[in-house]
Amino acid sequence: MIRLATCSLAGCFGCHMSFLDMDEKFLALVERVEFDRSPFTDIKSVGKCDIGLVEGGLCNEENLAALKEFRENCSILVAVGACAINGGIPAMRNRFSMDECLAEAYLDGIGIENPQIPADPELPVLLKKVCPVHEAVRIDYFLPGCPPPAGAFEVLLEALLKGEKPVLPEKLIHYD
Amino acid sequence: MTLAWDKKMACAAEHADLLIERMGNNPLQILIATQKAFNHVSDDAICRVASALGLPLSRILGDVEFYSFLSREPLGTYSVLMSDSITDWMLGSRELFLRLCGNLGVSPRVMRHDGLATVGKTSCTGMCDQGPALLVNGTAVANLSDDRIDAISRLMEKRIPLAAWPDEYFHVESNIRRRDWLFQDWRGPILEGEALLQEMTDAGLRGRGGAGYPTAKKWASCRDAPGGERHVVCNADEGEPGTFKDRVLLQHCAGRLFEGMALCARIIKAKKGFLYVRGEYRYLEAHLEALLAARRDADFEIELHWGAGAYICGEESALLESIEGKRGIPRVRPPFPVTFGVHGMPTVVDNVETFCAAAAIAAGGGREFRSLGTAESCGTKLLSVSGDCARPGIYEYSFGVSVDRILEDCGAGNVLAVQVGGAAGNCLDASEFGRKICFEDLPTSGSVMVFDRSRDMREAALNFSRFFAHESCGFCTPCRVGTEILAQAMEGISAGRGSGEDIAEIGNLGSILRASHCGLGQSANRAVLDMLRKFPEHFERGVN
Amino acid sequence: MKTISLDGAMVPLAEGQTVMECALAANIPIPHLCYLPGFAPHGSCRLCTVKIDGRFASACTQPAMEGQHVEIDTEELRQVRLSLLRMLFVEGNHYCPACEKSGSCRLQKAAYDEGMLDLHYRPWYPNRQMDASHPDVLIDRDRCIFCELCVKASRDVDGKNIFGISGRGIDTRLVVNSKSGLLADTDISAQDRAVEVCPVGAILVKGRGFEVPIGKRLYD
Ligand SMILES: Cc1cc2nc3c(=O)[nH]c(=O)nc-3n(C[C@H](O)[C@H](O)[C@H](O)COP(=O)(O)O)c2cc1C
Ligand code: SF4
Ligand code: SF4
Ligand code: SF4
Ligand code: FES
Ligand code: FES
């Protein structure tokens, strides 16, 4: 059986939600693929897979490690969604310094009680800039959209399961 | 402090008014003078120049932000720009730069807290045969060494004015190593008009600035173009890294140059000419002004125009924009300058060497010119030779001379590579040294840079790619963005962070850059590609 | 009748036409961004790059000439266009999901048409200045592609001369003709042609964001 892994890095899980929007077709898919690491299975580390779908860009060290693990284990790696492809909304923090971002989020923002910058050693270290996944590893295919429409997931997976190169029709290419 | 500052600013603004009165209505020339007087062009001065000339603010601001010798931020009393060309690197300019910064206690491009100095870098200053070189307040100082850098630092610390610095610092050698046809004293009866055009055609004179367009044909089409007032423009922007022959011609043959321009003026019926000289050669100002003042030609006036640090202004249509006081953005062509030149009027733009050659042909040199060179490339060419050789300088050869011969004459041994035509030219390996300098084989404006076997061609590739990113005018997408991508890829490779994909990328960029609006972008990765192809082992060192 | 060959189709050409004008008149599409009928061709985006008798040229600026052989829809030129679009995206900050122009943007549309799925290059995330000083009109420089349409429209149509381009190389930037450099200190109005003509979301009318629902926008 084809093994499929998915993960969300610096994203909003919107792409995963859109994936599920396949509705009944998703059930058909589950017949044909076995999910490895994915929010759908709650498996935490990825094993050898045929296809990996990565949502979200890179904003911290943990994202980077997860991405590298996906690249090592997945024969085909797909960048899914605006955030994975160009950093997306999270990358809008790139014009500010880290201090400014942290202050806005944890100290000075509206409605913050007990302002303090979290410093738990368990928390992953933030990267200076949010960046797209193709900056860190080789990516085989890209699925644009914020999120990509469910139909785009269908076209992509249908082709990949058949061992073909996915070609998105123009009406499924969206950046928003 | 603020009071003194305000006073200075007020005085700067008034001064701008004065300059406007004195210098007529060319914004660029006024801005250059303002920069010189106040070490920057303040926002207030920008407003005054704009309102005095009745131009939109953005035009003036645009100039200040385009030309690299103009600055909105105040620069130090001494503004130092170190020439950052590859041949300067080879002579240790990067170490000298750090030494100078260390001596003065400044960071690059940041004015020292007490306002003493700002130290930065600039593209090739045309002193390649006597580098490393720098410009201090616009004046060239060549032959830099540790000692000279230390001495200059001390002079600056003591705030000694440039005029009181030892003369030898400002001495520029001509280093003419080989003279031939052009340097002969042609004194025959002067041919004019149709007869001269015929003689130039028969002699086979083609433009010396690089493109090689038949000169007589250009002059005739300008003469025949519809339109009123015509102009003659001499292109002395000489920005191609490694070229300095126009500097030497301006020094030694300016009289002949003016003759050439005047002959052209009489043919096309121009009353006015412009000599556009790159700002790096400002030290020639007194010399050129004196010669121009001594000219006795009431029918044809030549005006001196200075550049201000922009390689693109050597491209003829960008140069015309610059003469009109605008940012140096190449125009859409056609129409070409012969029909649509300065202020939209028919204009001839030729290189310094071209005008000199035309004047020599007019004075009886035509027959011999024809007999020299190759079938497609008649006459001789001045070559500027620099890099790893015993005798860098100017060499005049008949077209068709082989690279081997040049290397032998200039005393180059153990040669790895020769870069012909500057950063936009071709990089040759040893198997190609039999190739010939001529339009049929290796067309060039004359830059010949020699690299011996101790050199890492990665450095040259890095230097050239940065050069183009710095000099791109920013008008068109492929060049504005592509030159920067190229430079970033080369920086990665040079820092040992490169990947095979970076190398593949550099290859791919070639076809995209060819979609550029002008020659700068179109040729921006030619040399780097040559180097990658011919010296792959140098690049593999930086790739993992 | 004089003709020109566009991807093999023989198309009539009129005196003084550019290759682009010939093609548009014959309903043969050539992708373009900075060209807009009614304004002098600019030649900066290079998206209209074609091959004329084997040489690259921008169709919007190249005079059409009898017997020219023009290639448009070839694999080589598709790659060039794709790269140019990617370059325009990486040099600015284009977050389409957060852009009011999305769905009606010519840059975005061109990228859809060319099937651009990824950036390929490393995005630069430049820090460009936003100008929200004016009550009705906004400048988001992150999205400017330097087509100069606003410059020409404001100068030649609106008669106000509000915009200009300054800087050099990758520091090229859109500037405003006022002492403060701010739009608030100009006499721009939301009805100006300069505002309407911007092909991307760099000049926007305030208070109209996301007025048109997805599905009904210009290029949906
Ligand atoms: C990027 C670029 C830079 C150029 N720089 C120079 C220059 O510094 N000097 C020059 O004479 N021609 C230069 N040229 C060539 C000029 O555009 C033009 O062809 C030349 O001045 C014509 O003179 P000629 O016919 O006498 O050669 C340059 C061209 C390009 C595309
Ligand atoms: S190729 Fe480069 S220098 Fe030439 S117009 Fe384009 S951006 Fe300017
Ligand atoms: S200007 Fe166009 S391409 Fe850029 S973010 Fe807005 S919609 Fe997207
Ligand atoms: S603001 Fe818009 S119209 Fe003006 S130059 Fe930028 S992209 Fe073009
Ligand atoms: S990551 Fe938010 S929609 Fe894809
Ligand atoms: S449309 Fe022709 S260059 Fe932009």
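Beta bridges per DSSP, both residues in the stretch C:3-73: antiparallel share near 85 percent.
Using the Kirkwood radius over Cα pairs, work out the Stokes-Einstein diffusion coefficient for the stretch B:181-370 at 20 °C and 1.002 mPa s, in µm²/s as a whole number. This corresponds to a translational diffusion coefficient of 131 µm²/s. When only alpha carbons are used to place a centre, the stretch B:206-260 and the stretch A:13-58 end up 68 Å from one another.
The sum of -39500 (n - 2.57) across all DSSP H runs of n ≥ 4, divided by the residue count of chain A, sets its helix-only mean residue ellipticity at 222 nm to -8000 deg cm²/dmol.
Averaging Cα coordinates gives a centre for the stretch B:60-131 and one for the stretch B:277-293; these two points are 22 Å apart. Its relative contact order, with pairs defined as Cα atoms under 8 Å and 6+ residues apart, puts chain B at 13 percent.
Cα centroid separation, the stretch A:101-176 to the stretch B:482-544: 30 Å.
Note on chain C: with a GNM built from Cα contacts shorter than 10 Å, the maximum mean-square fluctuation among C:Arg143, C:Arg128, C:Arg106 falls on C:Arg128. Coupling constants for the stretch A:140-147 follow from the phi torsions by the Karplus curve (6.51 cos²θ - 1.76 cosθ + 1.60, θ = phi - 60°), and in residue order they are 8, 9, 10, 10, x, x, 9, x Hz; glycine and proline get x.
From least to most packed, judged by other beta carbons within 10 angstrom and beginning with the fewest, A:Val130, C:Val90, B:Val41 follow the order C:Val90, A:Val130, B:Val41. Note on the protein assembly as shown: semi-axes of the ellipsoid equivalent to its C-alpha gyration tensor, largest first and rounded to whole Å, are 50, 32, 31. If r is the Cβ-Cβ distance from C:Lys216 to B:Asn508 and R0 is 51 Å, what FRET efficiency results, to the nearest 0.05? The formula returns an efficiency of 0.85 here.
For chain C, modelled as a GNM whose springs connect Cα atoms under 10 angstrom apart, the maximal fluctuation among C:Thr61, C:Thr186, C:Thr49 occurs at C:Thr186. Based on Cα atoms of the stretch B:256-329, Rg over Rh with Rh as the Kirkwood radius reads 0.98. In this structure, the amide hydrogen of B:Leu304, modeled 1.01 Å from its nitrogen in the peptide plane, lies closer than 5 angstrom to those of B:Leu275, counting only residues at least 5 positions away or on a different chain. Helical runs assigned H by DSSP (4 residues or longer) give chain C a calculated mean residue ellipticity at 222 nm of -5000 deg cm²/dmol, each run adding -39500 (n - 2.57) before division by the residue total. Under 25 Å of direct C-alpha separation, and excluding same-chain neighbours fewer than eight residues apart, B:Lys534 reaches these lysines: B:Lys436.
When only the Cβ of Lys, Arg, Asp and Glu is charged (+1, +1, -1, -1), the dipole of the stretch B:78-166 relative to its Cα centre reaches about 280 debye.
Short-range pairs are left out: with C-alpha atoms under 8 Å and at least six residues apart, the relative contact order of chain A is 25 percent. Loop-located chymotrypsin sites (Phe, Trp or Tyr not before Pro) in the stretch B:457-495 (DSSP state other than H, G, I, E, B) with a sparse environment of at most 12 neighbouring Cβ atoms within 10 Å are absent. At an R0 of 41 angstrom, the distance between the Cβ atoms of B:Glu229 and C:Asp156 translates into a FRET efficiency of 0.95. When shorter helices are ignored and each DSSP H run of at least 4 residues is given -39500 (n - 2.57), the per-residue value for chain B at 222 nm works out to -13000 deg cm²/dmol. For the protein assembly as shown, the antiparallel share of DSSP beta bridges with both residues in that region comes to about 50%. As a length-normalised measure over Cα pairs under 8 Å and 6 or more apart, the relative contact order of the stretch C:3-73 settles at 42 percent. Among the aspartates and glutamates, select those whose C-alpha is under 16 Å from the C-alpha of C:Lys109, and discard any that sit fewer than 8 residues away in the same chain. By straight Cα distance, C:Lys109 reaches A:Glu170, A:Asp176, C:Glu100, C:Asp118, C:Asp220.
Give the lysines reachable from A:Lys128 as a straight Cα distance under 28 Å; neighbours fewer than 8 places away on the same chain don't count. Reachable lysines: A:Lys44, A:Lys68.
Remark: spin-label model distance A:Glu170-B:Ala290 equals 6.9 nm, labels positioned 7 Å along the Cα→Cβ axis.
Only beta bridges with both residues in the stretch B:382-450 are counted; by DSSP, about 75 percent of them are antiparallel.
Here B:Leu304 and B:Glu194 are evaluated by their C-beta separation; at R0 = 35 Å the FRET efficiency comes out at 0.70. Footprinting exposure proxy ranking of A:Met22, B:Met90, C:Met1, fewest other C-beta atoms within 10 angstrom first, gives C:Met1, A:Met22, B:Met90. Legend: ranking of residues C:Lys179, C:Lys152, A:Lys165 from fewest to most surrounding C-beta atoms inside 10 Å; resulting order A:Lys165, C:Lys179, C:Lys152. Amide H to amide H distances under 5 Å link C:Thr18 with C:Ala64, where only residues 5 or more positions off or on other chains count and H is placed in the peptide plane. Once backbone amide H atoms are built at 1.01 Å from N, A:Asp176 has A:Cys146 as its partners under 5 Å, excluding neighbours fewer than 5 places away on the same chain. Summing charges over all other residues whose Cβ lies under 11 Å from the Cβ of A:Leu64, with Lys and Arg as +1 and Asp and Glu as -1, gives -2. Note on B:478-487: average number of Cβ atoms from other chains within 10 Å of each residue's Cβ is 6. Normalised radius of gyration (Cα atoms, divided by 2.2 N^0.38 Å) for chain B: 0.95.
Quick note: the coordinates plus some simple rules give every number you see, no bench work behind them. None of the values given here were measured: they were computed from a predicted structure. Quick reminder, even Gly has a Cβ in these numbers, built from the backbone with ideal geometry, and neighbours come from all protein chains shown.
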